[in-house]
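**Student:** I have a structure here, written as structure tokens, and I will follow up with some questions on it.
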Amino acid sequence: MTVRLTLVCAAAPAEHDVRFGADTPLDERSLREAQAAAEVLPAGGSWYTAPAQRCRQTAQALGGDAVAVESALRGMDMGSWRGRTLDEVAASDGAALALWMSDPDAAPHGGESVAQVCRRIAAWLEERPADAGRALAVVEQAVARAAVVHALGAPQQSFWRVDVPPLSAVQLTGRSRRWNLRAGAVGCSEPR
């Protein structure tokens, strides 16, 4: 049986500074956008969410009733950079930021490296039972990036080349520990 997994990147508050590891609650506009996105999601299956508040709020707005919170789907641990903007880190620790973005094994912030996130998400994907059928998971951008890297067997350096905007979806299909990336309309889960 083929596992059909849709990863939805959590909604983001409309007006906020993007901060590493910040779990800003969603505003009304973002919740409405998530509710509208629900209309094009594949129907049925299991629902999962990362533990972050905005992921749980997005899952609820998308119509997820029985949503399992999966700690393995948590966002990247940003260590000492948590709560800081990219500009703040670049200004105070530019060399460390450049190292982190060029070496997947680097974790100058004392948190999680890109390689660690990629391994964690690869393990979660490989734990999906063959009879899992359809599933939807609301995740942070780093998790969706790591899933794409794993599905394609791409080098971890490509992590930063995967762009997953809020409320976008990544569709993966898998069987026997082999994953494929599926492009196309979010609501189209079967080939035409």
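**Student:** Go through segment 112-130 and count every residue that is touching a residue at least 60 places away in the same chain (Cβ under 8 Å) and closer than 10 Å to ASP77 by Cα.
**Tutor:** 0
**Student:** How many of the residues in segment 109-149 are part of a helix (DSSP H, G or I) and farther than 27 Å from ALA61 by Cβ? Talk me through it step by step, then tell me what you get.
**Tutor:** First pass over segment 109-149, keeping only residues part of a helix (DSSP H, G or I): 114-126, 141-149.
If we keep only those that are farther than 27 Å from ALA61 by Cβ too, we end up with 114-116, 118-119, 122-123, 126, 149.
Number satisfying all stated conditions: 9.
**Student:** Please list, ordered by residue number, the strands (runs of 3 or more DSSP E) wholly in segment 1-94 having 3 or more residues that are touching a residue at least 40 places away in the same chain (Cβ under 8 Å) and not β-branched (Val, Ile, Thr). Let's see the steps before the verdict.
**Tutor:** On the way: elements: 3-9, 46-49, 67-69.
Qualifying strands (runs of 3 or more DSSP E): 3-9, 46-49.
**Student:** What do you reckon, is ARG54 crowded, with 18+ Cβ neighbours inside 10 Å, under 29 Å from HIS109 (Cβ atoms) and either modelled with pLDDT under 85 or of a type outside the set (S, T, N, Q) (or both)? Quick ask: steps written out before the conclusion?
**Tutor:** Details: crowded, with 18+ Cβ neighbours inside 10 Å: yes; under 29 Å from HIS109 (Cβ atoms): yes; either modelled with pLDDT under 85 or of a type outside the set (S, T, N, Q) (or both): yes.
Yes; evaluated as a whole, the condition is true for this residue.
**Student:** Can you tell me which residue within segment 123-181, out of those that are modelled with pLDDT of 90 or more and on the phi > 0 side of the Ramachandran plot, is surrounded by the fewest Cβ atoms within 10 Å (Cβ to Cβ)?
**Tutor:** Applying the filter and picking the extreme gives GLY153.
**Student:** With under 20 Å from PHE20 (Cβ atoms) and basic (Lys, Arg) as the only criterion, which of ARG134, ARG54 stands out?
**Tutor:** On the way: ARG134 fails: under 20 Å from PHE20 (Cβ atoms).
None of the others qualify; the one that does is ARG54.
**Student:** Let me ask something additional. Residues of segment 28-58 being among the hydrophobic types (A, V, I, L, M, F, W, C) and under 20 Å from VAL3 (Cα atoms), which ones?
**Tutor:** At the first step, the residues of segment 28-58 found to be among the hydrophobic types (A, V, I, L, M, F, W, C) are 31, 34, 36-38, 40-41, 43, 47, 50, 52, 55.
Within segment 28-58, VAL40, LEU41, ALA43, TRP47, ALA50 qualify.
The values are calculated or read from the model by the stated rules, or taken from the named source; none is laboratory data. Please read these numbers as outputs of a predicted model, since none were measured by experiment. Don't worry about glycine lacking a Cβ; one is built from the backbone with ideal geometry, like all the others, and counts go over all protein chains shown.
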